[in-house]
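Take a look at the structure below.
The values are calculated or read from the model by the stated rules, or taken from the named source; none is laboratory data. As the structure is a prediction and not an experimental result, all values here were calculated from the model. Ideal geometry is used to build each Cβ from the backbone, glycine not excepted, and the neighbour counts take in all protein chains shown. Areas reflect the complete protein model, heavy atoms only, side chains present, ligands, DNA and RNA absent. Shrake-Rupley method; radii C 1.70, N 1.55, O 1.52, S 1.80 Å.
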Amino acid sequence: MKIAFVGKGGSGKTTLSSLFVRHLAATGAPVIAVDADINQHLGAALGLDEEVAAALPSMGSRLPLIKDYLRGSNPRITSADAMIKTTPPGEGSRLLRVSEDNPVYDACARPVELDNGTVRLMVTGPFTEADLGVACYHSKTGAVELCLNHLVDGPGEYVVVDMTAGSDSFASGMFTRFDITFLVAEPTRKGVSVYRQYKEYARDFGVTLKVVGNKVQGQDDIDFLRAEVGDDLLVTAGHSDWVRAMEKGRPPRFELLEDVNQQALSTLREAADATYEQRDWERYTRQTVHFHLKNADSWGNAKTGVDLAAQVDPGFVIGEGLMATS
């Protein structure tokens, strides 16, 4: 299952996504955690020292390797240089699986040992001083989008992406790459403003969106969120002594997380698992092609000097039926 955490800056989405990753790992589920936020904090939230987290390999800096591997023997892609972030897979492309070993994971993923399991952590890399004035952060998150376009995941497997704050993910088609999106919202007008943007932008794309109310202090906060987001409110979370200790760098054993918060995480997993039966790989492929053609016309053809529409394989549909064949 592919799961995104989004929300306003400071809403707590990185904290909640890290707790969800820990929850999944504690059950023995295979998990890939991806930090796609411009502020790279997921590694630290998963318990890594700051120096170790800062030294994680950047997906953005390894984009040529990623492109070359995913291209495979696809005859429609003339070279890795002709691939852009939205390039769809086709016959001959290499696909990614959650639990396999491959050169992309070797280069970009690092294992993180948690209390009751190990997860793979991948990071886009921070926006650096060298990028100022010459680059857009979406060029870095493009590595994540390209991998998601080529990812075939099954039930009981999880890819959890901590997204950029606000509605920035709508600058690409990456918001359509997930089985479910959890929007973390505080019980304030600013807290729900991103929800309204997300709901409006995603309306025509079949995005499953659920709100996680965070920093909730009482029934009045719950009533406010319910009035603002209606049935999209899935669960709420309040103060946590466990989280406070974690933010100080001294987390207790994860099994000591408060029961109410453990239950909230279980609710998130149940909601994610429930989307499996609604999976539509044909729509997923169609949306990949839609955003690829938009990007090709907007800037991709001019940048690569290639007609990128020719990369579309009209008879190809990505899906679990390909897991054992490519």
Open item on the list: Would you confirm whether or not the range 9-24 contains a residue that is open to solvent by 30 Å² or more (accessible area, probe 1.4 Å) and in a loop (DSSP other than H, G, I, E, B)?
Closed with: yes
TODO: Please enumerate the residues belonging to the range 285-319 that are of a type in the set (Gly, Ala, Ser) and under 25 Å from the mean Cα position of the chain (by Cα).
DONE: ALA296, SER298, GLY300, GLY319
- [ ] Report yes if LYS215 is open to solvent by 40 Å² or more (accessible area, probe 1.4 Å), modelled with pLDDT under 95, within 28 Å of LEU148 (Cα to Cα) and basic (Lys, Arg), otherwise no.
- [x] no
TODO: Could you look through the range 250-272, keep only residues that are surrounded by fewer than 17 Cβ atoms within 10 Å (Cβ to Cβ) and of a type in the set (A, V, I, L, M), and pick out the one that is farthest from GLN217 (Cα to Cα)?
DONE: LEU256
Task: When residues of the range 153-188 are limited to those that are among the hydroxyl-bearing types (Ser, Thr, Tyr) and at pLDDT 95 or above, the one surrounded by the most Cβ atoms within 10 Å (Cβ to Cβ) - done: TYR158
Open item on the list: Here is a check on your reading of the model: is ASP221 part of a helix (DSSP H, G or I) and open to solvent by less than 60 Å² (accessible area, probe 1.4 Å)?
Closed with: yes
Task: Residue selected from the range 1-42 under the condition among the basic types (Lys, Arg) and at pLDDT 95 or above, by the criterion farthest from GLU270 (Cα to Cα) - done: ARG22
- [ ] Identify the residue in the range 31-54 that is part of a loop (DSSP other than H, G, I, E, B) and more than 15 Å from the chain's Cα centre (by Cα) and, among all such residues, is surrounded by the most Cβ atoms within 10 Å (Cβ to Cβ).
- [x] LEU46
Task: Matching residues in the range 70-103 - criterion: being free of Cβ contacts under 8 Å to residues at least 60 places away in the same chain, surrounded by 20 or more Cβ atoms within 10 Å (Cβ to Cβ) and not in a strand (DSSP E or B) - done: ARG71
TODO: Output yes when any residue across the range 127-135 is among the charged types (D, E, K, R), surrounded by fewer than 16 Cβ atoms within 10 Å (Cβ to Cβ), at pLDDT below 95 and within 19 Å of LEU46 (Cα to Cα), and no when none is.
DONE: no
Task: Counted residues, the range 198-212 - those being open to solvent by 50 Å² or more (accessible area, probe 1.4 Å) and either without any contact (Cβ under 8 Å) to a residue 24 or more places away in the chain or more than 26 Å from GLU282 (Cα to Cα) (or both) - done: 3
- [ ] Please name all residue pairs, on different chains or six or more residues apart, with Cβ atoms under 8 Å, provided the first residue is in the range 225-245 and is over 17 Å from GLN197 (Cβ atoms) and the second residue is of a type in the set (D, E, K, R) and open to solvent by less than 40 Å² (accessible area, probe 1.4 Å).
- [x] THR236/ASP221
Open item on the list: Name the residue that is nearest to LEU268 (Cα to Cα), counting only residues in the range 55-69 that are of a type in the set (Gly, Ala, Ser) and assigned to a helix (DSSP H, G or I).
Closed with: GLY60
TODO: Taking LEU322 as the residue in question, decide whether it is modelled with pLDDT under 95, over 19 Å from the mean Cα position of the chain (by Cα) and surrounded by 14 or more Cβ atoms within 10 Å (Cβ to Cβ).
DONE: yes
Open item on the list: Given the condition out of contact with any Lys or Arg (no Cβ under 6 Å at 6 or more places or on another chain), open to solvent by less than 30 Å² (accessible area, probe 1.4 Å) and under 30 Å from LEU19 (Cα atoms), answer yes or no: does some residue in the range 290-313 qualify?
Closed with: no
Open item on the list: Please determine whether any residue of the range 232-249 is more than 25 Å from the chain's Cα centre (by Cα), modelled with pLDDT under 95 and open to solvent by less than 50 Å² (accessible area, probe 1.4 Å).
Closed with: yes
